[in-house]
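Before any comments, here is the structure.
The values are calculated or read from the model by the stated rules, or taken from the named source; none is laboratory data. Owing to the predicted nature of the structure, the values given are computational and were not obtained by experimental measurement. Methodologically, a virtual Cβ is constructed for each residue, glycine included, from the backbone with ideal geometry; neighbour enumeration extends over all protein chains shown. These accessible areas exclude ligands, DNA and RNA; they are computed on the full protein's heavy atoms, side chains included. Shrake-Rupley method; radii C 1.70, N 1.55, O 1.52, S 1.80 Å.
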Amino acid sequence: MTEMIFITASLSSLIALILLRPLAVKLNLVDYPSERKNHSGNIPLVGGISVFLGLLVSCSFFVEFEKFSSGLLITASLIFFLGVWDDFVNLKAKTKLAFQVFISVIMIYITDVKLESLGYIFGVLYPFELGIFSIPITIIAVIALTNAINMLDGIDGLAAGIVLLAALGLIFFSLKLEFTPFINILLAISSALLPFIIFNIAPYPKIKVFLGDGGSLLLGYIMSWALIYSAENIHNFTHSFALWYVAIPLFDFFAVIIMRIVKKHTLMIAKKDHIHHFLENLGISQKLILLLTISSGLVILTIGSFIENKFPALSFPVFLILFFIYLFIRMYNDPEKKVKRY
């Protein structure tokens, strides 16, 4: 079964990439260079479509549909089409946000999966129950991670690589303990990502493609629900441990929000203030940024796993300490701040 999911998803994604790339150029579904985007040439935005088709084809044959997997695929499809729509017409941020809230509500209604508590995240003896705040906090968590992944999609392979790392980590953890309903979906999306990553990081303009908002929103949305489901249903998978899987996008997302609030900048606007922009300003090449970021994600996840096993009460506090260290580094090395000094 596992082998068939891998073959079907990766092969479907590869075929889609080959067939859709020239079609995207004709339909003008391409990403143009701009002040914020310094790539060369007009790059087809078909990576996300190919990943989605690979996921859909493999799941149609090999996923046993129950309430959660069905709800996840239905609502993930809606998120994907929202992203593709945005790729075509460049939707307003508030419009995208409203649709994301609506789709998340549908997911909760279909599956009844939500964050019932934050577990023992503060190291107390009893779980921190959310009560009436369960649904709004779940929606905020989904939207935050979905858009955090979307914001990471600024250099080749970064968003896809971070999601692939998290998905493989979840698969490995789940298979050690129990076979969960969404493992096949994670296997499918991981397999479908592989051909895209090859095309995306390739140095040859004739085969290069980008993920597009359709792809990045799809990846972030599926990962957010995979972590929520795991934290609520998988034995020994804590809510604090879920954070370690996506530490890089969460660190970046909340650091950017805090920095924009401090500087009184608009929150919902595309700017060059994310982790990859920060590293580029230090003179680091994009290939090295990709390697450093993915490696850091793996190291952080390994640290988180060790702490969860040995000192579970310290997991969330240590996670927060690492975040504040990152935030301090970002604020201290803020290019705008340095300009003002002179």
Checklist entry - If you scan segment 235-252, which residues turn out to be more than 11 Å from the chain's Cα centre (by Cα) and under 23 Å from V299 (Cα atoms)? => result N236, F237, T238, H239, S240, F241, A242, L243, W244, F251, D252
Item to check | Candidate set: segment 305-318, residues that are surrounded by fewer than 18 Cβ atoms within 10 Å (Cβ to Cβ) and small (G, A, S); chosen: the one nearest to L164 (Cα to Cα) | outcome: S305
Checklist entry - Considering only segment 235-284, how many residues are farther than 21 Å from L314 by Cα and outside any helix (DSSP H, G or I)? => result 15
Item to check | Count of segment 234-247 residues which are at pLDDT below 95 and surrounded by 24 or more Cβ atoms within 10 Å (Cβ to Cβ) | outcome: 3
Checklist entry - Quick check, is M107 buried (at least 20 other Cβ atoms within 10 Å of the Cβ) and within 30 Å of I289 (Cβ to Cβ)? => result no
Next on the checklist: Condition first: outside any helix (DSSP H, G or I) and open to solvent by less than 10 Å² (accessible area, probe 1.4 Å). Now tell me which residues in segment 203-233 satisfy that.
Outcome noted: V209, L211
Item to check | Residue in segment 78-97 that is in a helix (DSSP H, G or I), basic (K, R) and either touching a residue at least 60 places away in the same chain (Cβ under 8 Å) or in contact with a Leu (Cβ under 7 Å, 6 or more places away or on another chain) (or both) present | outcome: yes
Checklist entry - Can you name the number of the only condition in (1) at pLDDT 95 or above; (2) open to solvent by 30 Å² or more (accessible area, probe 1.4 Å); (3) over 20 Å from the mean Cα position of the chain (by Cα) that R36 fails? => result (1)
Checklist outcome for this item: Apart from one, (1) free of Cβ contacts under 8 Å to residues at least 40 places away in the same chain; (2) touching a Leu at 6+ places or on another chain (Cβ under 9 Å); (3) within 28 Å of T2 (Cα to Cα) all hold for A202; the odd one out is (2)
Item to check | Lone qualifier among G48, G54, G71 - being assigned to a helix (DSSP H, G or I) and either open to solvent by 10 Å² or more (accessible area, probe 1.4 Å) or touching an Asp or Glu at 6+ places or on another chain (Cβ under 8 Å) (or both) | outcome: G48
Checklist entry - Which members of segment 285-304 meet the condition of being farther than 15 Å from N200 by Cβ and open to solvent by less than 40 Å² (accessible area, probe 1.4 Å)? => result G297, I300, L301, G304
Checklist entry - Checking D86 against (1) under 21 Å from L243 (Cβ atoms); (2) open to solvent by less than 30 Å² (accessible area, probe 1.4 Å); (3) of a type in the set (D, E), which single condition isn't satisfied? => result (1)
